[in-house]
Amino acid sequence: MEIIDGKAISQQIKDEVKERVAQLAEKGAEVTLAVIQVGNDPASSVYVNNKKKACAYTGMKSEAFELPEETTEEELLGLIGQLNERADINGILVQLPLPKHIDENKIIQAISPKKDVDGFHPQSVGSLCIGQPGFVSCTPAGIIELLKRSGVEIAGKECVVIGRSNIVGKPMSLLMLRENATVTITHSKTKDLKAVCKRADILIVAIGRPKMITAEYVKEGAVVIDVGIHRMENNKLCGDVDFDDVAPVCSKITPVPGGVGPMTIAMLMHNCVESVALQQE
């Protein structure tokens, strides 16, 4: 059994991005990410800081807009409108969740698809669906890189995705289709989930329930990707997969922490660099 090292692979990607940012700088082009946070949710603050650090590491600029909790939807839409117009801003990221009085869908749709580095805009999702170029949401894109860079053959394999969220499950299944896997999407209404999961050569778990997936769900020799992250009573982190139970059965598995997590920010940096070419077209 091999543990897939998300920290090492995300580092490779960040170093590749760093090189591309340096090449762009030689041509006089800067890469700038605008990060908007409304309110001061502690988890969001941690994520925003990590994104700023990753920008600094890769040589990108980040412009942070830290807005008070009571910012109105109109004010936020106004700011996004300004950033859409600014030629010196390449990517726009609005940290979710937003306060209750702001409609997240409206905000996501307001971001120009050419600057939608999170890949959440309906146009980005539609492009992925019909195989046109566009931004892919960072977590699923990161999982594809984890598989490829760990030497996992995807084409022709049975892939089961547990979870159908807009941020992970749905785009993940589309990306696996694009890589020529045979894909099954399961969810809370799936009958006989264990039997369906046991068919998977590649099992991708994004169900949001701590340690739910045990060895009973996993085919001998399967590759298991755990997207979940939960903090247990003892303050330790765990995923949706019961790692100790599943590890002996599978051929490769991602740990929590240090698996999928670091990939999300690495792919965000990758999308920011991609945005420059998209905007020059």
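Across the stretch 191-202, what is the number of residues that are of a type outside the set (A, V, I, L, M, F, W, C) and buried (at least 16 other Cβ atoms within 10 Å of the Cβ)? It would help to see each step written out before you state the result.
Pass one, the stretch 191-202, residues of a type outside the set (A, V, I, L, M, F, W, C): 191-192, 194, 198-199, 201.
From the residues that got through so far, the ones that are buried (at least 16 other Cβ atoms within 10 Å of the Cβ) too are 198, 201.
The number of residues fulfilling the criteria is 2.
Filter the stretch 159-172 down to residues that are small (Gly, Ala, Ser) and under 14 Å from Cys138 (Cα atoms) and give me whichever is modelled with the highest pLDDT. Spell out how you get there, then give the answer.
In the first step, residues of the stretch 159-172 are kept if they are small (Gly, Ala, Ser); the result is 163, 165, 169.
This time we only want the ones that are under 14 Å from Cys138 (Cα atoms), so: 165, 169.
Numbers: Ser165: 93, Gly169: 96.
Residue satisfying both the conditions and the ranking: Gly169.
Just name the residue that is farthest from the chain's Cα centre (by Cα) out of those in the stretch 271-281 that are surrounded by fewer than 22 Cβ atoms within 10 Å (Cβ to Cβ) and in a helix (DSSP H, G or I).
Filtering the stretch 271-281 down to residues surrounded by fewer than 22 Cβ atoms within 10 Å (Cβ to Cβ) leaves 274, 276-281.
After this cut, where a residue has to be in a helix (DSSP H, G or I) as well, the list is 274, 276-280.
Values: Glu274: 15, Val276: 20, Ala277: 21, Leu278: 20, Gln279: 22, Gln280: 25 Å.
Of everything passing the filter in the stretch 271-281, Gln280 is farthest from the chain's Cα centre (by Cα).
Return yes or no: is Val48 outside any loop (DSSP other than H, G, I, E, B) and touching a residue at least 60 places away in the same chain (Cβ under 8 Å)?
So Val48 does not fit the description; no.
Answer yes or no: is there a residue in the stretch 56-70 that is loosely packed, with under 13 Cβ neighbours inside 10 Å, out of contact with any strand residue (DSSP E or B) (no Cβ under 8 Å at 6 or more places or on another chain), farther than 26 Å from Arg231 by Cβ and at pLDDT 95 or above.
Checked the stretch 56-70: at least one residue is loosely packed, with under 13 Cβ neighbours inside 10 Å, out of contact with any strand residue (DSSP E or B) (no Cβ under 8 Å at 6 or more places or on another chain), farther than 26 Å from Arg231 by Cβ and at pLDDT 95 or above.
Could you list, in sequence order, the residues of the stretch 1-10 that are touching a residue at least 60 places away in the same chain (Cβ under 8 Å) and either in contact with a strand residue (DSSP E or B) (Cβ under 7 Å, 6 or more places away or on another chain) or not in a loop (DSSP other than H, G, I, E, B) (or both)?
Here is the first cut: in the stretch 1-10, the residues touching a residue at least 60 places away in the same chain (Cβ under 8 Å) are 1-7, 9-10.
If the condition is that a residue be touching a residue at least 60 places away in the same chain (Cβ under 8 Å) and either in contact with a strand residue (DSSP E or B) (Cβ under 7 Å, 6 or more places away or on another chain) or not in a loop (DSSP other than H, G, I, E, B) (or both), then Met1, Glu2, Ile3, Ile4, Gly6, Lys7, Ile9, Ser10 are the ones that fit.
Report whether or not Val160 is in a loop (DSSP other than H, G, I, E, B), of a type in the set (A, V, I, L, M, F, W, C) and more than 22 Å from Ala34 (Cα to Cα). Walk me through it before giving the result.
Working: in a loop (DSSP other than H, G, I, E, B): no; of a type in the set (A, V, I, L, M, F, W, C): yes; more than 22 Å from Ala34 (Cα to Cα): yes.
No: the conditions fail for Val160.
What number of residues within the stretch 99-132 satisfy the criterion of being without any contact (Cβ under 8 Å) to a residue 40 or more places away in the chain and either outside any helix (DSSP H, G or I) or among the small types (Gly, Ala, Ser) (or both)? Even if it seems obvious, please write down each step before you answer.
If we filter the stretch 99-132 for residues that are without any contact (Cβ under 8 Å) to a residue 40 or more places away in the chain, which is where we start, we get 100-101, 103-113, 116, 121-124, 126-127, 130, 132.
Cutting the leftovers down to either outside any helix (DSSP H, G or I) or among the small types (Gly, Ala, Ser) (or both) gives us 100-101, 103, 110-112, 116, 121, 124, 126-127, 132.
Number of matching residues: 12.
Give the residue, chosen from Glu30, Glu69, Glu63, that is in a loop (DSSP other than H, G, I, E, B), within 19 Å of Val117 (Cβ to Cβ) and without any contact (Cβ under 8 Å) to a residue 60 or more places away in the chain. Break it down stepwise before answering.
Working: Glu69 fails: within 19 Å of Val117 (Cβ to Cβ); Glu63 fails: in a loop (DSSP other than H, G, I, E, B).
Result: Glu30 is the single residue among Glu30, Glu69, Glu63 that is in a loop (DSSP other than H, G, I, E, B), within 19 Å of Val117 (Cβ to Cβ) and without any contact (Cβ under 8 Å) to a residue 60 or more places away in the chain.
Please go through (1) in a loop (DSSP other than H, G, I, E, B); (2) out of contact with any Gly (no Cβ under 6 Å at 6 or more places or on another chain); (3) under 20 Å from Ile9 (Cα atoms) for Leu175 and return the number of the only condition it doesn't satisfy.
Condition (1) is where Leu175 drops out.
Of the residues Ala215, Ala206, Ala200, Ala222, which single one is within 21 Å of the chain's Cα centre (by Cα) and either hydrophobic (A, V, I, L, M, F, W, C) or closer than 23 Å to Ala141 by Cα (or both)? Give the steps one after another, and end with the answer.
Working: Ala215 fails: within 21 Å of the chain's Cα centre (by Cα); Ala200 fails: within 21 Å of the chain's Cα centre (by Cα); Ala222 fails: within 21 Å of the chain's Cα centre (by Cα).
Exactly one residue qualifies, and that residue is Ala206.
Quick one: count up the residues across the stretch 134-169 that are surrounded by fewer than 19 Cβ atoms within 10 Å (Cβ to Cβ) and either free of Cβ contacts under 8 Å to residues at least 24 places away in the same chain or among the basic types (Lys, Arg) (or both).
So the answer is 5.
The values are calculated or read from the model by the stated rules, or taken from the named source; none is laboratory data. Every value quoted in this text rests on a predicted model; they were computed, and no experiment measured them. Here the Cβ is made from the backbone with ideal geometry for all residues, glycine too, and neighbour counts use every protein chain on show.
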